[in-house]
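**Q** Pasting in a structure now, in structure tokens, and then I'll have a few things to ask.
The values are calculated or read from the model by the stated rules, or taken from the named source; none is laboratory data. Keep in mind it's a predicted model, so treat the numbers as computed, not measured. Here the Cβ is made from the backbone with ideal geometry for all residues, glycine too, and neighbour counts use every protein chain on show. Keep in mind that these areas ignore ligands, DNA and RNA; they rest on the heavy atoms of the full protein, side chains included. Shrake-Rupley method; radii C 1.70, N 1.55, O 1.52, S 1.80 Å.
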Amino acid sequence: MTQLITTELVELDQNLGNAPESVIRHLAGKVAAAGRATEVEGLFADAFAREQKTATGIPGGIAIPHCRSAAVTEPTLAMARLNPKVDFGAKDGPADLIFFIAAPDGADQEHLKLLSKLARSLIKKDFTAALRNATSQQEIVDLVDGALADKPAAQAAAAPVGAATAGAAAAGAGAAGAAAAGSTATGAASPAAASGPKRLVAVTACPTGIAHTYMAADSLVAAAQEAGVDLQVETQGSSGAKPLDPAVIAAADAVIFAVDVDVRGKERFAGKPVINAPVKRGIDEPAKMVQEALAAATDPHARRVPHFGAEEQAERAEAEKGEHIGQKLKRALLTGVSYMIPFVAGGGLLIALGFLLGGYDITDVADTVVLENSFGNLPEGGLAAYLGAVFFKIGALSMGFLVPALAGYIAYAIADRPGIAPGFVAGAVAGFMGAGFLGGIVGGLLAGYIAHLIGTWQVARWLRGLMPVVIIPLLASIVASGLMFLVLGGPIAGLTTALNGWLSGMTGASAVVLGIILGLMMCFDLGGPVNKVAYAFAVAGLSAGSADNQAPWQIMATVMAAGMVPPLAMALATVLDKKLFSLAERENGKAAWLLGASFISEGAIPFAAADPLRVIPASMLGGALTGALTMAFNVTSQAPHGGIFVFFAIGNVLMFVVSIIAGAIVSALAVIALKRWAAPKSTATVETVPATV
């Protein structure tokens, strides 16, 4: 097996900057320089994106930035002992020991177990003390290799996931032996522990599943052992997970979920008192979580893991109690749009390919061609016409799910799984009646709230199992779709027809005004609700476009072009005047070129988050210009996503590019001007990071 760490991957007592991104960037460079990654930028972007989700600092002056990345060619550890320390988000202050874990997307289980083992070793004080006292890179490598080769601990890591796992890592050989038998060594339990429940179960999981998952498990079990409590943990991580024995779960008095992702098999814990927290809290405050779980076990009003059905709806209602109606609507609409986009993106590109191969007339003959022709019986126009018809038909069928998927997942956001079927049905009714995008929104909201209301009914225990799979979908479908047929569908269809007619008739100055409005919306919140409303409006009408009615395609081109402006503008600004931007922003600027070209507006979010009052107005100025130009030059797009990479689906592609460049230049110059003169310059300085490659 390849050695995970070598001397060339170790830095001792170095100044690597004053922010996590500079440290991660430096260590990513060392991994690439060692030939273990194909590029620095891709690895840095993946690692820093993981860091932004959850800070990787842990108590004791340690940080473990980590990621899976397609740029990594073999599992690797890079280590830095910093001077000065850098704040990685730990509660007890900045970190001086940094372990950067870089795993390939397809890392094998043995390597992942070793990486997880290292993460667990870092909660041992003697190990971290030895790392701080080491005088050479080779000594660090030997210490790490020794920790990974620790036979008793390795056996504990491979044992059934539970208290055994952390007993070895945190309490020594005696505790490990007891843990391996299925429970922690209670020893002389404290009086408090003796008087309360002694059995807890826990699940730990983080998005990457390499470090935090296992460290939280070890920390929780060590804390439980000190309290004289039997705690068994199921680690849902990358190196494999063995589910807890159902008998262990049944005997538990309470459950701890220290997770940043959904718990797999959550229904196994239904009815148990539960403490829910991010996985990092399991590392930072394990003793508090154990005590909270013990208190919940004796509290009849404690929050419990829901049964699926009415109790699940009640839990969702409790979790969402603090939201006002506007927040609930926004969350539901954004959920619907996010689930709808894959149908639209794939379908739109396939339709564009169909037009490219078969011409615009393919719409009239596609059904006949795909049913009556084959590779052995090609239609007039040959292979290109046949493939064009196939692509167009697949795309059209995919686009047919647009409104049902939108409505279905709006309902899902409101009522969870019982709302999906009524939402899809209401969306299908909206599509059937010609109510389109607006009808899908109304149908989804109706289905979701009706399903949610039915889910709150108090029914006999024997009926609860039928509620989410039969009763709620049936009644909610009848009511929501019935209202769409009998009351709402017709008026909404009329409104949709009038709106489409008005947009299709826009020419000249009025079309330019629409382009300005759409451009402003796309740049207002960079992937947020306003941006998503403009985007959803464009993709909803995309399928109505044709050679005779290109207005929907023009709207799509306007929305996509304007959405590309903010990240491209910020990338350009970091090149034109580097001194106005921090090291982290300059690094983000490099990635923003590709993100902008791909129509990912979120590429500008790091800049907007740091300086919203100057970045957002500057972005809106350029976006408005781009929207006006694309409308003025009749630029069209038959693809709903992809940016410049779907050039084949863009009509008047030259002016598409010119419009984007113009908007990006205006936004870049505007943000530079605002940073120079709209406010005093920051006196902060940025430390130079030593070159690594």
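**Q** Taking the mean number of other Cβ atoms within 10 Å as a proxy for protection, how do you rank 558-570, 476-488, 426-438 from highest to lowest? Write out the running numbers ahead of the final one.
**A** Details: 558-570: 31.4, 476-488: 18.9, 426-438: 23.8.
Packing order, densest peptide first, comes out as 558-570, 426-438, 476-488.
**Q** Which lysines, on any chain, are close to LYS280 with Cα under 16 Å apart, when same-chain ones fewer than 8 places away are left out?
**A** LYS53, LYS91, LYS288
**Q** So how many Å³ per residue does the convex hull of the Cα atoms of the range 199-305 work out to? Mind showing how you got there, number by number?
**A** Numbers: hull volume 8.8 nm³, N = 107.
Enclosed volume per residue, from the Cα hull, is 82 Å³.
**Q** Normalised by the residues of the range 580-656, what does the relative contact order come to in percent, with Cα pairs under 8 Å and at least six apart?
**A** Numbers: 52 pairs, mean separation 21.5, N = 77.
That works out to 28 percent.
**Q** Keeping every protein chain in place, order THR135, THR363, THR56 by accessible area at 1.4 Å, biggest value first, i.e. largest first. Working shown, then result.
**A** Details: THR135 120, THR363 65, THR56 0 Å².
Largest accessible area first, the residues go THR135, THR363, THR56.
**Q** Here's a follow-up. Going down the table (LYS85/LYS578; LYS85/LYS124; LYS30/LYS85), which pairs top 24 Å between alpha carbons?
**A** Working: LYS85/LYS578 26 Å; LYS85/LYS124 20 Å; LYS30/LYS85 19 Å.
Distance filter (> 24 Å) returns LYS85/LYS578.
**Q** Under a straight-distance cross-link criterion of Cα-Cα below 16 Å, which lysines are reachable from LYS579, leaving out those fewer than 8 residues away in the same chain?
**A** Here the lysines satisfying the reach criterion relative to LYS579 are LYS590, LYS675, LYS681.
**Q** Right, here's the next one. Of all the accessible heavy-atom surface of the range 326-495, with the other protein chains kept in place and a 1.4 Å probe, what percent is carbon and sulfur? Provide the component values of the computation, followed by the final result.
**A** Values: 5600 of 7880 Å².
The computed percentage sits at 71.
**Q** Tell me, what are the semi-axes, in whole angstrom and largest first, of the equivalent ellipsoid of the range 391-470 as set by the roots of 5 times the Cα gyration tensor eigenvalues? Could the numbers behind the result be given before it?
**A** Details: eigenvalues 157, 33, 14 Å².
Semi-axis lengths for the range 391-470 are 28, 13, 8 Å.
**Q** Grab the Cα-Cα distance for ALA270 and LYS579, subtract it from 0.36 nm times how many residues apart they are, and report the gain in nm with one decimal. Before the final figure, lay out each step's value.
**A** Details: separation 309, 0.36 × 309 = 111.24 nm, distance 5.56 nm.
105.7 nm is the gain from fully extending ALA270 to LYS579.
**Q** Leaving out ligands, DNA and RNA, and with a 1.4 Å probe, what % of the accessible surface on the range 529-669 is carbon or sulfur?
**A** Working: 3510 of 4900 Å².
About 71 percent, which is the carbon plus sulfur part of the accessible surface.
**Q** Give the accessible surface of the range 7-149 per residue, rounded to a whole number of Å², with probe radius 1.4 Å and ligands, DNA and RNA excluded. Walk me through the intermediate numbers first.
**A** Values: 5030 Å² over 143 residues.
Accessible area per residue, the range 7-149: 35 Å².
**Q** Just need the Rg to Rh number for the range 504-654, please, alpha carbons only, Kirkwood Rh. Write down the numbers at each step before the final one.
**A** Numbers: Rg = 15.1 Å, Rh = 15.2 Å.
Over the Cα atoms of the range 504-654, Rg/Rh equals 0.99.
**Q** Using the heavy atoms of the protein chains alone and a 1.4 angstrom probe, what is the accessible area of the range 509-678 per residue in square angstrom? Display every interim value, and only then the final one.
**A** Values: 6120 Å² over 170 residues.
Averaged over the residues of the range 509-678, the accessible area is 36 Å².
**Q** What percent of all Cα-Cα pairs in the range 7-149 falls into each 10 Å bin, going from 0 up to the bin containing the maximum distance?
**A** 13, 46, 37, 4
**Q** Report, for the range 199-305, the % of DSSP beta bridges that are antiparallel, rounded to 5. Before the final figure, lay out the partial values.
**A** Values: 1 of 17 bridges.
In the range 199-305, approximately 5 percent of DSSP beta bridges are antiparallel ones.
**Q** For ARG331, ARG50, what's the largest-to-smallest order of accessible area, 1.4 Å probe?
**A** On the way: ARG331 65, ARG50 10 Å².
The ranking, largest first, comes out as ARG331, ARG50.
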